[in-house]
Amino acid sequence: MSFVLHPADIRRGEVAALVADLRAGRDVADFRFDLLVPPGLRRLSVTHWTPVQVALRAAELLAPCAKTKVLDIGSGCGKFCLIAALSSGGRFTGVEQRPHLAATAKRVAGELGAARASFVSGDMADLDWTLFDAFYLFNPFYENLMRSIRIDETVPSTGENFARCVSTVQAKLGGARVGTRVAMYHGFGGDMPPGYEQVTREALGTAFLELWVKTQDHQG
Ligand SMILES: C[S@@+](CC[C@H](N)C(=O)[O-])C[C@H]1O[C@@H](n2cnc3c(N)ncnc32)[C@H](O)[C@@H]1O
């Protein structure tokens, strides 16, 4: 009798090992997550998707308890939300302007069994941010300014759109309640609105991971 391992069985085994490592909070090589997405999205990982070690630490900073609801602004193929949901107790929602990326994120969530990660397709400006306790941003609007790093041409990318997105984030975070936590990797292209204090700034990967907490309501 001989055993033949089917590629689907190998993939199931690798996915199970990845989930076990993430649930245990272990840092894993980025390619192990990136293999879950189509090759065309894999090659974008180094520039556009949060490194695993950054996602693990950001989740730790953002979701100190199981009730915390976190919004990833511009969630791409879901890498941050999926790793964070598997490694911490919080609930993670991603909002993504490109429907094909949101669809990939939903498919991978199903494959990983990441029940506390969900994804919404649309513009972050149209979402009600008051439903969330915490926010994550990985420089989501920068491709508007730099043509060479554009993900694809399915959405308009312009300097005007960059300015609109940055001021939307500032207005939404400005209106958030005291206690709101915001983690940023590579920033978001603007300054934090008044009322926030930087709690930590840690060198990780290719940049700094920052945590800000809203400590007071600012009367404009
Ligand atoms: C640098 S990627 C980060 C992806 C993900 N947060 C991660 O860290 O793995 C930024 C993503 O933001 C999305 N994005 C940019 N502007 C957006 C907007 N106005 N509304 C929703 N998504 C947006 C882009 O399509 C892209 O997928």
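None of the figures in this text is laboratory data; all of them are computed from the coordinates on show. Model, not experiment: these values are computed from the prediction. Because the Cβ atoms are built from the backbone with ideal geometry, glycine has one as well, and the counts that use them run over all protein chains shown.
Please list, in order along region 10-20, the HN-Hα scalar couplings obtained from phi with the Karplus expression 6.51 cos²θ - 1.76 cosθ + 1.60 (θ = phi - 60°), rounded to whole Hz, x for Gly and Pro.
With the stated coefficients, region 10-20 comes to 4, 4, 4, x, 5, 5, 4, 5, 5, 4, 4 Hz.
Once amide H atoms are built 1.01 Å from N in the peptide plane, which residues 5 or more positions from Phe119, or in another chain, come under 5 Å H to H?
Amide H neighbours of Phe119: Gly94.
With the contact rule set at Cα under 8 Å and sequence spacing of 6 or more, what percent relative contact order holds for region 177-220?
50 percent
For a quick check: sort Lys79, Lys67, Lys214 by the number of other beta carbons within 10 angstrom, fewest at the front.
With the fewest neighbours first, Lys79, Lys67, Lys214 line up as Lys67, Lys214, Lys79.
Could you list Asp191, Asp21, Asp217 so that the one with the fewest beta carbons within 10 Å of its beta carbon is first and the one with the most is last?
Least to most surrounded, the residues fall as Asp191, Asp217, Asp21.
Name the residue, out of Cys77, Cys165, Cys65, whose mean-square fluctuation peaks in a Gaussian network model built on the chain with Cα pairs under 10 Å.
Cys65
For the chain, modelled as a GNM with alpha-carbon contacts under 10 angstrom, which of Arg12, Arg42, Arg107 fluctuates the most?
Judging by the Gaussian network model, the answer is Arg12.
Read phi for every residue in region 99-111 and hand back ³J(HN,Hα) as whole Hz from Karplus 6.51 cos²θ - 1.76 cosθ + 1.60, θ = phi - 60°, with x for Gly and Pro.
Once rounded to whole Hz, the list reads x, 5, 6, 4, 5, 4, 4, 5, 5, 5, 4, x, 5.
As I understand it, the value is the acute angle between the Cα axis of helix 52-62 and the longest principal axis of the Cα atoms of the chain; what does it come to in degrees, rounded to 10?
Orientation of helix 52-62: about 50 degrees from the principal axis.
Give the lysines whose C-alpha is closer than 27 Å to that of Lys106, dropping any in the same chain fewer than 8 places away, or say none.
Partners found: Lys67, Lys69, Lys79, Lys172.
To make sure I understand, if each residue's beta carbon is the centre and we count other beta carbons within 10 Å, what order do Thr104, Thr154 fall in, fewest to most?
Ascending Cβ contact count within 10 Å gives the list Thr154, Thr104.
Considering Cα pairs under 8 angstrom that are at least six residues apart, work out the relative contact order of region 110-220 and quote it in whole percent.
For region 110-220, the relative contact order is 26 percent.
Output the relative contact order of region 7-214, whole-number percent, from Cα pairs under 8 angstrom with separation of 6+ residues.
Computed value for region 7-214: 17 percent relative contact order.
What residue among Val182, Val46, Val166 has the largest mean-square fluctuation in a Gaussian network model of the chain, using Cα springs under 10 Å?
Its mean-square fluctuation being the largest, the pick is Val46.
So how long is each side of region 7-214 along the principal axes, counting just the alpha-carbon atoms, biggest first, in Å?
Computed over the Cα atoms, the extents are 51, 39, 30 Å.
Report ³J(HN,Hα) in whole Hz for each residue of region 145-159, in order, from the Karplus equation J = 6.51 cos²θ - 1.76 cosθ + 1.60 where θ = phi - 60°; Gly and Pro get x.
Whole-Hz 3J(HN,Hα) from phi for region 145-159: 9, 10, 4, 5, 10, 4, 5, 6, 9, 7, 10, x, 10, 9, x.
If you take every DSSP beta bridge fully contained in the chain, what fraction is antiparallel? Give it as a percent rounded to 5.
Antiparallel bridges make up about 40 percent of those DSSP assigns within the chain.
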